Amino acid sequence: MNKTIKTELALAVIVIFATALGIFSLAGDKQIDNAQDEPTTVVAEKAMSKQACEHYYEGEAQVAGWLVSADDGDLVVQLARADLEKMPKTAQTVDNSQVKLVDASPEIKKSLEKSSSEKPVSITIKGYATVCNSAMPLISLEPATIAFKKS
C-alpha cells in the first residue's frame, strides 16, 4: 500500500472518531441541560431514609392552600392544584393535593382557619416527606432534617 494512502486513511479514521466523540459529548451535555431546566423549588431528596417507602425533601416553596381539618395538632391542608408543580416529582398527583402540616405556628393556624378554597392562604414550606405509616404526605415550615427528626 502506498505511504500517502496509509496516512490519509489514518487521518480519516481519526477525524471520524473525533466527530463521533464530539456528537456523543454534545448529546450528554444536552441531557444535563434538560435536567437543570426542571422546577427546583422543593428539590433535594436527602439520604435520610432508612426505609424504601420513606422520602424526605428539603427546599423552599411558596404554596397556596386552605384548611380541610385539624387532626391531633396537625393540620390537613388542601394545596391549590397550580402549586402542585412546586412539589417534588413524586408528589405531583391530584391524590397528594391534601397534605398534613406538622409544625404550624399559631399565626399560620389562625390564617388557615379563616381560609377557604376561594380564599387560600400562602404558606412557605421548607420540608416535604412521604412516610410509610402516614396516609398523606407531610409538609413542614422547617427543613426536613429538623421537622421530621431524621439524621
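The values are calculated or read from the model by the stated rules, or taken from the named source; none is laboratory data. This one's a predicted model, so the numbers in the text were calculated from it and none came from an experiment. Positions of Cβ are backbone-derived with ideal geometry, glycine not excepted, and every protein chain shown enters the neighbour counts. When the accessible area is computed, the model is the full protein with side chains, heavy atoms only, and any ligands, DNA or RNA have been set aside. Shrake-Rupley method; radii C 1.70, N 1.55, O 1.52, S 1.80 Å.
Couple of notes before you dig in:
- Single match in GLU107, GLU142 (criterion: open to solvent by 70 Å² or more (accessible area, probe 1.4 Å) and not in a loop (DSSP other than H, G, I, E, B)): GLU107
- Only residues that are without any contact (Cβ under 8 Å) to a residue 40 or more places away in the chain and among the charged types (D, E, K, R) were counted across segment 111-139, and they come to 2.
- Applying the criterion of being open to solvent by less than 50 Å² (accessible area, probe 1.4 Å) and either among the β-branched types (Val, Ile, Thr) or in contact with a helix residue (DSSP H, G or I) (Cβ under 9 Å, 6 or more places away or on another chain) (or both) to the residues of segment 60-74, the residue that is modelled with the lowest pLDDT is ALA61.
- Subset tally (residues that are within 16 Å of ALA61 (Cβ to Cβ), polar (S, T, N, Q) and either surrounded by fewer than 10 Cβ atoms within 10 Å (Cβ to Cβ) or modelled with pLDDT of 85 or more (or both)) for segment 110-138: 2
- Segment 78-101, subset surrounded by 19 or more Cβ atoms within 10 Å (Cβ to Cβ) and in a loop (DSSP other than H, G, I, E, B), residue modelled with the lowest pLDDT: PRO88
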